[in-house]
Amino acid sequence: MEYRSLGRTGAQVSALCLGCMNFGDDCDEETSIRIIHRAMDETGINFLDTADVYSRGVSETVVGKALAQGGRRDRVLLATKFFNRMADDDPNALGSHRFHIMRAVEDSLRRLQTDHIDLYQVHRPKSAVPIDETLRALDDLVRQGKVRYLGTSTFAAWQIVESLWASKELGLNRFVCEQPPYNLLDRRIERELLPMCRTYGIATIPWAPIAGGLLSGKYRLNQPRPEGARYEKGAFADRDNDQALAKVEDYLRFCEERDYVPARFALAWCLAQPGVTSPIIGPRTMEQFDEYVRAAELTVTTEDQAAIDAIFAPGTHVSEYYRADFGPNARWL
């Protein structure tokens with residue numbers, strides 16, 4: 001396994017990050033723990049990512065159980081996230097304000113069976129909460145030893161730069177990484193986010209590198225969805241549509257011509273892009289995990305990159321690509 005620096009921190013993380021969103025839900029507890037142990041013991045993965053909202057704490061609980069077995073906790077960089085609603089009857093059980101952060105971190109520490117979180121991330125931005133409110137609370141957690149590093153997820157480039165300015169002005173710990181969506185169908189972060197991250201030493205941990213399975217070949221244009229698949233009944237309109245699936249058909253021909261496994265190549269492509277630190281893999285089965293890990297064996301050639309760029313234009317989202325053809329009033333998201 002290749003290891004890369006987590007931004008400018010110097011901490012070394014595996015080139016693949018094990019995403020734990022499915023653990024304890026679509027993936028039962030026993031299988032989840034087996035996947036975590038295999039990732040650590042057999043493949044060298046030392047980077048795990050979860051969130052409190054994943055099955056309302058179940059994922060964190062399963063991860064905590066897995067790491068408690070065999071003294072594995074200190075062998076990983078453990079990341080989790082806060083922000084999303086954790087209780088239906090409490091208006092403060094969500095958000096990026098101090099009141100919620102201080103409660104959320106204690107709940108996560110208890111579920112994860114640990115005294116510290118290596119990477120604590122804001123799951124989504126919230127313009128209504130001033131960034132200094134969030135940073136001051138997170139800085140306190142670092143100084144208390146409950147958190148090692150701070151990060152964001154799905155923030156815009158300008159929001160991260162604003163946070164860096166606030167950290168410098170107020171003498172607070174800064175965000176060291178961003179977790180954005182990034183795959184062949186959605187290359188928007190190439191416009192501003194990736195260049196910004198490379199400029200300021202921000203690590204990038206892309207989620208959905210195979211677009212929730214759309215790039216695996218299991219979903220085909222004008223064909224029934226496979227039974228039991230994640231998107232059996234459809235997915236987000238801007239991700240799962242005829243335009244996207246038409247592009248996927250072009251991609252599958254590209255893979256067939258070169259004898260590439262579609263999901264494996266899509267992940268390898270993401271891993272090879274400049275500025276990417278560690279794409280997140282989110283297996284539901286051991287077979288999926290084994291397939292994802294093999295992506296690290298692939299080399300994306302310059303010819304491959306050129307052919308991919310001809311199918312999926314750099315810096316675009318497939319829905320946007322088609323929207324641009326809809327006349328003078330069309331606009332990009």
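Overall shape of segment 35-82 was characterised from the C-alpha gyration tensor. The equivalent ellipsoid obtained from it has semi-axes of 19, 11, 9 Å, in decreasing order. Each Lys and Arg Cβ is given +1 and each Asp and Glu Cβ -1; about its Cα centre, the chain then shows a dipole of about 700 debye. Over segment 253-323, the alpha carbon radius of gyration divided by the compact-protein estimate 2.2 N^0.38 Å works out to 1.18. Segment 1-125 gives an Rg/Rh value of 0.97, both radii derived from C-alpha positions and Rh following Kirkwood.
Checking every one of the GluC sites (Glu not before Pro) in segment 103-176 against DSSP loop status and a limit of 10 other Cβ atoms within 10 Å picks out no site at all. Segment 120-195 gives an Rg/Rh value of 1.00, both radii derived from C-alpha positions and Rh following Kirkwood. Its DSSP H runs of at least 4 residues, each contributing -39,500 (n - 2.57), put the calculated 222 nm mean residue ellipticity of the chain at -12000 deg cm²/dmol, to the nearest 500. If both residues of a DSSP beta bridge must be in the chain, then about 15% of such bridges are antiparallel. Taking trypsin sites (Lys or Arg not before Pro) in DSSP loop states with no more than 10 other Cβ atoms inside 10 Å as exposed sites, the chain has its longest site-free stretch at 1-232. The distance between label points at D90 and V261 comes to 4.3 nm (points 7 Å beyond Cα on the Cα→Cβ vector). Compactness check for segment 1-60: Cα Rg over 2.2 N^0.38 Å is 1.21.
Every read-out reported here was derived from the displayed coordinates using simple, explicitly stated rules and does not represent laboratory data. Note that this is a predicted model, so its numbers are computed, not measured. A quick note on method: Cβ atoms are made from the backbone with ideal geometry, for glycine too, and the neighbour counts reach across all protein chains shown.
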